[in-house]
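FYI, it's all coordinate maths here, none of it is from the lab. Since the structure is predicted, the reported quantities are computational estimates derived from the model, not experimental observations. All Cβ positions, even for glycine, are placed from backbone atoms using ideal geometry, and neighbour counts span all protein chains on display.
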Amino acid sequence: MAVKVIIPTPLRAYAGKQESVEVQAKTVAEALTALTGTFGELRRHLFSDDGRLRSFVNVYVNDEDIRYLQKDQTQVREGDTISIVPSIAGGARA
Amino acid sequence: MATKIGVAASSPGDEKPKASLTKEEVMRYSRHLIMPEVGMDGQLKLKQAKVLCIGTGGLGAPLGLYLAAAGVGRIGLVDFDVVDSTNLQRQVLFGTSDVGRPKITAAADRLRNLNPDIQIDTFETHLSSENALDIMKDYDIVVDGTDNFPTRYLVNDACVILGKPNVYGSIFRFEGQITIFGYPDGPCYRCLYPEPPPPGLVPSCAEGGVLGVLPGIVGTIQAAETLKLIIGKGDPLVGRLLLFDALAMKFRELKLRKNPDCPVCGTHPTQTKLIDYAEFCGIRGEEAPVTATNLPEITPRDLKARLDRGDDLYILDVREPHEYQICNLNGHLIPLGELASRVNELDSSREIVAHCRSGKRSADAVQFLQKAGFRKIWNLKGGILAWSDEVDPSVPKY
């Protein structure tokens, strides 16, 4: 299934500056694996060392949070949009 | 003596004095009064509303201006910062003559000039676990216009504890997020993001930059949502995350759900008091030590001494091309995001000094290169900013 993954601004530097990437996948897990396979630098921003999605990064299939679907096993259909939404706070130096 | 015109409809047994508008206020708010969605009832609700605005910067500027313009009767402002020239690219509450003044004073002056009929409360303080509940308790709605994660979690938790809606807005470069947390049966910030990112992993405006108009747009949307909550009209952004991309000029919406297991607002909350948010966000002390304790570093003075001595050092600049144009140390530019794919351009047999603007991105670069097997690599402590301070003041700071 061809799905579009929307890359949030803070992570575009690690995804070849693209705002979205098309991948072939049947589940969210496959889509993210395909994405980080192409863009290795993205991996540490999306996943912690133990391979879990970082807690300040949320993933949506269309407009639904995958935590309330089947998490990374959520199936995706042709034309679905996967959004990566990290928390942002603006402003001050961290 | 001002002539009272409208009188708020009050319920039987209502002990509050009946609010009313003066003739001057009817004139001022006429464009509201002739709209059925607002009308006299709505305007009187605005007059009796109490809104606390946390932050008077990029988001706080349009927020404060539009709430004051709309006639919100009592506006609290919280900010401990001082106006500086880098603020004026987007913080439109202030003018050049305000540089050096406390933001809270400049903000209050501006808002009182716009609308002398409303009450402006100022809190020139750092919002903390010790004062947040006390400051917030007298207000109906809190609007989060802050610029750091610890304060966002503090504001969220305090709003849930006090049962007050939290109109949230945040920005990065040209993207924004807006929603309303803390509504009964609605999600809170922790439902969306249970934990903050460790310091250094998500860039701030100071590192990533921000399009000046962006907080203007997002802050105005926050003001719109606040007014809607007060007058009770329209569909508020409860359970909806509005995402805005200014470059694409697109809005998207994602569903936000209340997490029944949320430690703060869930059915069995485990955290019912405010905590140490600096610790929660992994920050200890004044400066977050982003660099690992064994990261090799070189100070600007030492670098200058070695260069003057004729040492063969390779200067690696990991900033972006537009930053290189502002100022540079004649380094070889490989932006941090491209380092992994261009690492074969570097010669690991040479001594390499990596630098960026303030030393954070270059610290990441050094860590990455160490893992890639580079042994003769140093981070320029404090970046080109420190070089300007300590070695060559003619280098512009940005």
Going by the alpha-carbon gyration tensor, a ≥ b ≥ c the square roots of its eigenvalues, is segment B:305-398 rounded (a/c under 1.5) or, if a/c is not under 1.5, prolate (a/b greater than b/c) versus oblate? oblate
Footprinting proxy, A:Met1, B:Met136: sorted fewest to most Cβ within 10 Å, the residues are A:Met1, B:Met136
Each residue of segment B:353-364 in order: what ³J(HN,Hα) in whole Hz does its phi give by Karplus 6.51 cos²θ - 1.76 cosθ + 1.60, θ = phi - 60°, with x for Gly and Pro? 10, 9, 9, 9, 7, 10, x, 7, 5, 5, 5, 4
Residues of segment B:223-247 with backbone N under 20 Å of the label point set 7 Å from the Cα of A:Glu19 along Cα→Cβ are B:241-247
Integer Hz, Karplus 6.51/-1.76/1.60 couplings in order for segment B:336-341, x for Gly and Pro: 3, x, 9, 4, 4, 8
In a Gaussian network model over chain A where Cα atoms closer than 10 Å are linked, find which of A:Ser48, A:Ser20, A:Ser83 has the largest mean-square fluctuation. A:Ser48
Under the definition of Cα pairs under 8 Å and six or more residues apart, what whole-number percent is the relative contact order of segment B:297-390? 35 percent
Need the C-alpha centroid separation for segment B:112-141 versus segment A:1-41, integer Å. 43 Å
In a GNM of chain B with a 10 Å cut-off on Cα contacts, which of B:Ile230, B:Ile141, B:Ile298 has the highest mean-square fluctuation? B:Ile298
Roughly what percent of Cα-Cα pairs across the protein assembly as shown reach past 33 Å? 45 percent
Would you kindly derive the ³J(HN,Hα) couplings of segment B:260-273 from the backbone phi angles with the Karplus curve 6.51 cos²θ - 1.76 cosθ + 1.60 (θ = phi - 60°), listing them in order in whole Hz, with x for Gly and Pro? x, 9, 4, x, 9, 10, x, 5, 10, x, 9, 10, 10, 10
Compute the relative contact order of chain B as a whole-number percentage, counting only Cα pairs closer than 8 Å that sit 6 or more residues apart in sequence. 12 percent
Separation in nanometres of the label points that stand 7 Å from Cα toward Cβ, at B:Asp302 and B:Asp109: 4.6 nm
Which of B:Lys360, B:Lys258, B:Lys233, A:Lys26 comes first, and how do the rest follow, when ranked by fewest Cβ neighbours within 10 Å? A:Lys26, B:Lys233, B:Lys258, B:Lys360
Ranked highest first by average number of other Cβ atoms within 10 Å, how do B:334-347, B:177-190 line up? B:177-190, B:334-347
In deg cm²/dmol, rounded to 500, what helix-only [θ] at 222 nm does the protein assembly as shown give when every DSSP H run of at least 4 residues adds -39500 (n - 2.57) and the total is split over its residues? -8500 deg cm²/dmol
Only sites in a loop by DSSP and with at most 10 other Cβ atoms within 10 Å count here; which GluC sites (Glu not before Pro) in chain A make the cut? A:Glu78
If each of B:Ile34 and B:Asn330 carries a label point 7 Å out from its Cα toward its Cβ, how far apart are those two points in nm? 6.8 nm
Placed amide H near A:Thr27: partners under 5 Å, 5+ positions off or other chain: A:Val76
Between B:Gln177, B:Pro150, B:Tyr189, whose Cα lies farthest towards the positive end of the dipole of segment B:98-201 when Lys and Arg beta carbons carry +1 and Asp and Glu beta carbons carry -1, centred on the Cα centre? B:Gln177
Could you list which residues have their amide H under 5 Å from that of A:Arg54, counting only those 5 or more apart in sequence or on another chain, with H placed in the peptide plane? A:Phe47, A:Ser48
If you count, for every residue in A:9-17, the Cβ atoms of partner chains within 10 Å of its Cβ, what is the mean? 5
In percent, what relative contact order does segment A:2-86 have, based on Cα pairs under 8 Å that are 6 or more apart in sequence? 40 percent
Ranked from fewest to most other Cβ atoms within 10 Å of their own Cβ, A:Thr27, B:Thr267 fall in the order B:Thr267, A:Thr27
Have a look at the DSSP beta bridges in segment B:49-280 and tell me what percent are antiparallel, nearest 5. 50 percent
